[in-house]
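K.L.:
First the structure, which I've put down as structure tokens, then a few questions once you've had a look.
The values are calculated or read from the model by the stated rules, or taken from the named source; none is laboratory data. From a predicted model like this one, the values you see are computed outputs, not experimental measurements. All Cβ positions, glycine included, derive from the backbone under ideal geometry; neighbour counts span all protein chains shown. The protein model used for the area step is the full one, side chains on, heavy atoms only, and it has no ligands, DNA or RNA in it. Shrake-Rupley method; radii C 1.70, N 1.55, O 1.52, S 1.80 Å.
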Amino acid sequence: MLALLADRRRLSVTEVAELFGTSESTVRRDFDQMADRQLAHRTHGGIVAASVAYGLPGRYGKQLDDRQRLAEAAAHLVTQRHADQAVIGFNGGRTTTLVAKALGELSDQRSEHAARTGEHVYTIVTSALNIAAELVLRPQLRTVCLGGTARAQSYELTGPMAVSMARTLWLDVLVLGMVGIDAQAGLTCGDPDEAGVTSALVEHSRHVIAVGTSDKVGERSFAQICDISRITTLVTDSGATEEQLAPLREAGVEVIVV
């Protein structure tokens, strides 16, 4: 199965079940185990090779299309509202990774000047190894990666070292991904260690832009990252209803639907 994935780069449950003559439920379990071991990334109905998981074009699923669109909108929002030399933070996650990539691409036109003069357009602070790897080779960006223990499930750095370092830095804006956003529960994720590091970044950020697909709106997960009052702006897709968004607007969150 791994050899087939290396050749095709993406596989569906149906095609693998037919090729190997096994049940789809067995294939789903195999896919889940491959994702747990970071050998691939799970998608709706299949898997993709880890090296391409963050760059899939929109035609492979509506949610991926929504995520890419809102990521580009969030990156443009950052460039419009925050001047050169701004310090921009990112926690880990699929959507924040796409925002970071889009921001890097938007800043590429300044790369020659930065390489020549040593001046940075933005300073990037992140708790995610993959985001640091995405941006570190761009001379126009100074990339700061928090220390700590890396979680294989999300590439995020956690633990006391990460929290301690986060509390020594001040950010102009934090781009924040989450599992759920709710007017009462605030922003939540599934892991308390990740929540602790991200919470420290929130505390030291002047503005916080939450980014997430509409299925996150009105949902709550296990660990709270921050109260809803700490969120400046939410960027989400058009799948969220006004009934879902109204409590967030009433709580003072600027809501941008793309």
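K.L.:
Any chance you could count how many residues in segment 234-254 are surrounded by fewer than 18 Cβ atoms within 10 Å (Cβ to Cβ), more than 11 Å from Ala183 (Cα to Cα) and not charged (D, E, K, R)?
P.N.:
3
K.L.:
What residue, among those in segment 38-73 that are modelled with pLDDT under 60 and not in a helix (DSSP H, G or I), is nearest to Tyr155 (Cα to Cα)?
P.N.:
It comes out as Leu56.
K.L.:
Let me ask something additional. Do you know which of the residues in segment 94-117 that are touching an Asp or Glu at 6+ places or on another chain (Cβ under 9 Å) and modelled with pLDDT under 90 is farthest from Ser199 (Cα to Cα)?
P.N.:
His113
K.L.:
For a quick check of your reading: which strands (runs of 3 or more DSSP E) sit entirely within segment 199-249 and have at least 2 residues that are under 19 Å from Gln68 (Cα atoms)?
P.N.:
Because the criterion is at least 2 residues that are under 19 Å from Gln68 (Cα atoms), the strands (runs of 3 or more DSSP E) in segment 199-249 that meet it are 205-211, 233-236.
K.L.:
I'd like to verify a number: residues in segment 155-188 that are open to solvent by less than 10 Å² (accessible area, probe 1.4 Å), within 22 Å of Ile228 (Cβ to Cβ) and either without any contact (Cβ under 8 Å) to a residue 60 or more places away in the chain or out of contact with any helix residue (DSSP H, G or I) (no Cβ under 8 Å at 6 or more places or on another chain) (or both), how many?
P.N.:
Counting residues in segment 155-188 that are open to solvent by less than 10 Å² (accessible area, probe 1.4 Å), within 22 Å of Ile228 (Cβ to Cβ) and either without any contact (Cβ under 8 Å) to a residue 60 or more places away in the chain or out of contact with any helix residue (DSSP H, G or I) (no Cβ under 8 Å at 6 or more places or on another chain) (or both) gives 5.
K.L.:
Another question about this same structure. Kindly list, by first and then second residue, each pair from a residue in segment 1-29 that is within 15 Å of Val48 (Cβ to Cβ) and outside any strand (DSSP E or B) to a residue that is open to solvent by 40 Å² or more (accessible area, probe 1.4 Å) and of a type in the set (Lys, Arg), limited to pairs with Cβ atoms under 8 Å and residues at least 6 apart or on different chains.
P.N.:
Val13/Arg28
K.L.:
Within segment 118-177, take every residue that is of a type in the set (Asp, Glu) and within 17 Å of the chain's Cα centre (by Cα) and give me the one that is modelled with the lowest pLDDT.
P.N.:
Applying the filter and picking the extreme gives Glu134.
K.L.:
OK, next. Please specify each residue of segment 24-47 satisfying the condition of being open to solvent by less than 50 Å² (accessible area, probe 1.4 Å) and hydroxyl-bearing (Ser, Thr, Tyr).
P.N.:
Thr26, Thr43
K.L.:
Give the residue that is most open to solvent (accessible area, probe 1.4 Å), with candidates limited to residues of segment 217-233 that are under 12 Å from Val179 (Cα atoms) and among the polar types (S, T, N, Q).
P.N.:
Gln224
K.L.:
While we're looking at this one, here's another question. Report, ordered by the first and then the second residue, all pairs with beta carbons closer than 7 Å, sequence separation of six or more or different chains, a first member in segment 227-255 that is within 19 Å of Glu203 (Cβ to Cβ) and of a type outside the set (Asp, Glu), and a second member that is in a helix (DSSP H, G or I) and open to solvent by 70 Å² or more (accessible area, probe 1.4 Å).
P.N.:
Ala251/Ser229; Gly252/Ser229
K.L.:
Select from segment 109-142 the residues that are touching a Ser or Thr at 6+ places or on another chain (Cβ under 9 Å), farther than 21 Å from Glu156 by Cβ and surrounded by fewer than 22 Cβ atoms within 10 Å (Cβ to Cβ) and list them in ascending order.
P.N.:
Result: Ala114, Pro139, Gln140.
K.L.:
Here's something else I'd like to know. Name the single residue that is modelled with the highest pLDDT among those in segment 4-20 being over 18 Å from His44 (Cβ atoms) and open to solvent by less than 70 Å² (accessible area, probe 1.4 Å).
P.N.:
If we take residues in segment 4-20 being over 18 Å from His44 (Cβ atoms) and open to solvent by less than 70 Å² (accessible area, probe 1.4 Å), then Leu4 is modelled with the highest pLDDT.
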